[in-house]
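Visitor: The following block contains the structure, expressed as structure tokens.
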Amino acid sequence: MAVFPNSCLLGCLLIFIALQLPKLDSAPFDVIGPPEPILAMLGEDAELPCRLSPNVSAKGMELRWFREKVSPAVFVSREGREQEGEEMAEYRGRVSLVEDHIAEGSVAVRIQDVKASDDGEYRCFFRQDENYEEAIVHLKVAALGSDPHINMKVQESGEILLECTSVGWHPEPQVQWRTHEGEEFPSMSESRTPDEEGLFTVRASVIIRDTSMKNVSCCIRNLLLGQEKEVEISIPEKLLEELKWKKATLHAVDVTLDPDTAHPHLFLYEDSKSVRLEDSRQKLPEKPERFDSWPCVMGREAFTSGRHYWEVEVGDRTDWAIGVCRENVMKKGFDPMTPENGFWAVELYGNGYWALTPLRTPLPLAGPPRRVGVFLDYESGDIFFYNMTDGSHIYTFSKASFSGPLRPFFCLWSCGKKPLTICPITDGLEGVMVVADAKDISKEIPLSPMGEDSASGDIETLHSKLIPLQPSQGVP
């Protein structure tokens, strides 16, 4: 009969174990946070919820929401009363408990007037007696910044700098530039700098080198919200032209005058960079390359490829033509100066400006140019003329089919004391002179056939008259 004592011992053991079990209302629990981050707009309210599992009442529990450290906390409630002394100063007065469903074990804290600094991770901590658990809640704060603004500047290099700025973004936004057709291209440089409130100021810049790009937009995106702000800027036609001629000046060449091509009424200066138009006619050797009817002279430089730029100071004198011609143009007789005959030029004649097209194209300029820039792009077949007084465009001969050497050329249609000035690159594009000078400024040049004596009959030299440059002579 040894079985009975063992049965008594087993019963006592079961009673002891039962006495050690906790009561049902203090059983272990889990704390569960939201599966996804909570999204809140800057300045609005945000609720950070947590719940118990199983769904038992959270009344009488210690409830605590904190950031990196348990204390000081964002919010603390113990036995149903807020413990302000344990809370961080930046949250006091902004955080309250939402306890509508506390009996079912679901509670939340509401943060008012959400700031950028509120973004990040929170932990909700529930404790009853010796049992406690916590869960993680992520708060994402979003802010749409100001409408972007684009500032535009033409740099010395002849390129257009666009800088896009906007303030008040959170989190760090993405910047994207677009063409008018929607093609995206990256920034040259970007910066995103937080201010004292943690909001980002965005600066992004891009260099525009393509002179055909007339409309550009800057788009700033908040990827968290899936929203963006965009502004488009139209690059003014004048600015595009300024870009073109500033780029052209990077290809500046030093132009000199070829005395073997000069008409007998043109008298060269001793530096071969200046010329004067006079009534008298020189006796010069007959050469196939010399103009004998049009009062013109070519530059020595011959261009068979590449890009080349030079400037001519015209001042306020009247009646001139400036441009580019084929090296082998007809120089004897009065063939029209048109592209078909190998001339690409603009002129001032009388009171009007013209492009020397077959029917002469009038040029309605806003103001008279005192300096004219000429840019030859051999490969593209383009010749551009610019008013360097204000950087505006005068005229373009485009898509020509060049073959063989091209040379600068200059013509003077009437006598006058006002000089033309070809500006050398060595002197800041200033200094070489083409001068027309006579007593009667309005007098037309009496042109006589090559080889005939001049009206005065006293010039017997067989070479150009070299006119010394005066030290005091300068550009008007």
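The values are calculated or read from the model by the stated rules, or taken from the named source; none is laboratory data. All values derive from a computational prediction rather than experimental measurement. As a convention, Cβ positions derive from the backbone with ideal geometry for all residues, glycine included, and neighbour counts pool all protein chains shown. Calculation scope for accessible area: heavy atoms of the full protein, side chains included, ligands and nucleic acids excluded. Shrake-Rupley method; radii C 1.70, N 1.55, O 1.52, S 1.80 Å.
Visitor: So between residue 357 and residue 215, what do we pick up on full extension, going 0.36 nm a residue minus the alpha carbon distance? List each step's numbers first, then the result.
Guide: On the way: separation 142, 0.36 × 142 = 51.12 nm, distance 3.14 nm.
Fully extending the segment from residue 357 to residue 215 adds 48.0 nm.
Visitor: Further, regarding this structure: Can you tell me the order of 259-268, 400-409 when each peptide is scored by its average per-residue count of other Cβ atoms within 10 angstrom, highest first? Don't skip to the answer; put the middle values down first.
Guide: Values: 259-268: 22.0, 400-409: 17.6.
With the highest mean Cβ count within 10 Å placed first, the list reads 259-268, 400-409.
Visitor: Write down the accessible area per residue of segment 188-229 in Å², having rolled a 1.4 Å probe over the full set of protein chains.
Guide: I get 54 Å² per residue for this part.
Visitor: Ranked by accessible surface with a 1.4 Å probe, highest first, in what order do 330, 61 come?
Guide: If we order 330, 61 from most to least accessible, we get 330, 61.
Visitor: Name the long-range amide H neighbours of residue 267: under 5 Å, sequence gap of 5 or more, or other chain; modelled H, no Pro or chain starts.
Guide: 276, 277, 278
Visitor: To continue, here is another question. Kindly write out, for segment 326-338 in residue order, the coupling ³J(HN,Hα) from the Karplus curve 6.51 cos²θ - 1.76 cosθ + 1.60 (θ = phi - 60°), rounded to whole Hz, with x marking Gly and Pro.
Guide: After applying 6.51 cos²θ - 1.76 cosθ + 1.60, I find 5, 4, 9, 5, 5, 10, 9, x, 10, 4, x, 7, 10 Hz.
Visitor: For segment 57-86 and segment 342-376, what is the separation of their C-alpha centers, rounded to whole Å?
Guide: Computed from Cα coordinates, the inter-centre distance equals 84 Å.
Visitor: In segment 25-78, which trypsin sites (Lys or Arg not before Pro) fall in coil by DSSP and have 10 or fewer other Cβ atoms within 10 Å?
Guide: Here the trypsin sites (Lys or Arg not before Pro) that fit, given the DSSP loop and packing criteria, are 69.
Visitor: Going through segment 273-332, which GluC sites (Glu not before Pro) have at most 13 other Cβ atoms within 10 Å and a DSSP loop state?
Guide: Taking segment 273-332 and a limit of 13 other Cβ atoms within 10 Å, the loop GluC sites (Glu not before Pro) found are 286, 289.
Visitor: Any idea how far the Cα center of segment 247-297 sits from the one of segment 119-196, in Å?
Guide: Each part's Cα centre sits 63 Å from the other's.
Visitor: While we're on this one: Please list, or write none, the aspartates and glutamates whose alpha carbon is within less than 13 Å of the alpha carbon of residue 244, excluding same-chain residues fewer than 8 places away.
Guide: Partners found: 156, 159, 210, 377, 382.
Visitor: If you count only protein heavy atoms with a 1.4 Å probe, what accessible area per residue comes out for segment 52-125, rounded to a whole Å²?
Guide: Heavy-atom SASA per residue in segment 52-125 reads 51 Å².
Visitor: Follow-up question, since we're still on this one. Length gain on complete extension for the stretch residue 174 to residue 228, per 0.36 nm per residue less the alpha carbon to alpha carbon distance?
Guide: On the way: separation 54, 0.36 × 54 = 19.44 nm, distance 0.91 nm.
Fully extending the segment from residue 174 to residue 228 adds 18.5 nm.
Visitor: Run the accessible area of segment 62-129 with a 1.4 Å probe and give the carbon-and-sulfur part as a rounded percent.
Guide: On the way: 1400 of 3470 Å².
Taking all protein chains in place, segment 62-129 shows 40 percent carbon and sulfur surface.
Visitor: To continue, here is another question. Can you work out the Karplus-derived ³J(HN,Hα) for every residue in segment 184-198? Use 6.51 cos²θ - 1.76 cosθ + 1.60 with θ = phi - 60°, whole Hz, and x for glycine or proline.
Guide: 8, 8, x, 6, 6, 8, 9, 9, 10, 10, x, 8, 5, 8, x
Visitor: Let me ask another. What is the distance, in nm, between label points placed 7 Å from the Cα along the Cα-to-Cβ direction at residue 101 and at residue 30?
Guide: The two pseudo-label positions are separated by 1.7 nm.
Visitor: Express the accessible area of segment 308-351 per residue in Å², computed with a 1.4 Å probe while the remaining protein chains stay in the model.
Guide: So segment 308-351 comes to 36 Å² accessible per residue, rounded to a whole number.
Visitor: Rounded to the nearest percent, how much of the accessible area of segment 173-303 (1.4 Å probe, protein heavy atoms only) is carbon and sulfur?
Guide: Working: 2700 of 5730 Å².
That share works out to 47 percent.
Visitor: For residue 209, what is the net charge nearby, where nearby means another residue's Cβ is under 10 Å from its Cβ and Lys, Arg count +1, Asp, Glu -1?
Guide: Once all neighbours under 10 Å are counted, the net charge is -1.
Visitor: Where the accessible area of segment 315-371 is counted over protein heavy atoms with a 1.4 Å probe, how much of it, in %, is carbon and sulfur?
Guide: Carbon-and-sulfur percentage of accessible area, whole number: 58.
Visitor: Next question. Report the extension gain between residue 196 and residue 237 in nm, rounded to one decimal, defined as 0.36 nm multiplied by the number of residues separating them, less their alpha carbon distance. Intermediate results must be reported in sequence, preceding the final value.
Guide: On the way: separation 41, 0.36 × 41 = 14.76 nm, distance 4.10 nm.
Contour length minus the Cα-Cα distance gives 10.7 nm.
Visitor: Within segment 41-119, which GluC sites (Glu not before Pro) sit in a loop by DSSP and count at most 14 neighbouring Cβ atoms inside 10 Å? Walk me through the numbers before you get to the answer.
Guide: Working: sites: 44, 47, 62, 68, 79, 82, 84, 86, 87, 90, 99, 104; in loops: 44, 68, 79.
Sparse-neighbourhood loop GluC sites (Glu not before Pro): 44, 68, 79.
Visitor: May I pose another question? Evaluate the distance, in nm, between pseudo-label points positioned 7 Å from the Cα of residue 272 and of residue 327 along their respective Cα→Cβ axes.
Guide: Result for the modelled spin labels: 1.5 nm.
Visitor: Let me ask you something else. For the pair residue 340/residue 81, report the inter-label distance in nm, with labels modelled 7 Å from Cα in the Cβ direction.
Guide: 10.6 nm
Visitor: Classify segment 265-386 as rounded, prolate or oblate, taking a ≥ b ≥ c as the square roots of the eigenvalues of its Cα gyration tensor: rounded when a/c is under 1.5, otherwise prolate if a/b is larger than b/c and oblate if not. Before the final figure, lay out each step's value.
Guide: Details: a/c = 1.42, a/b = 1.20, b/c = 1.19.
Taking the square roots of the gyration eigenvalues as a ≥ b ≥ c, segment 265-386 is rounded.
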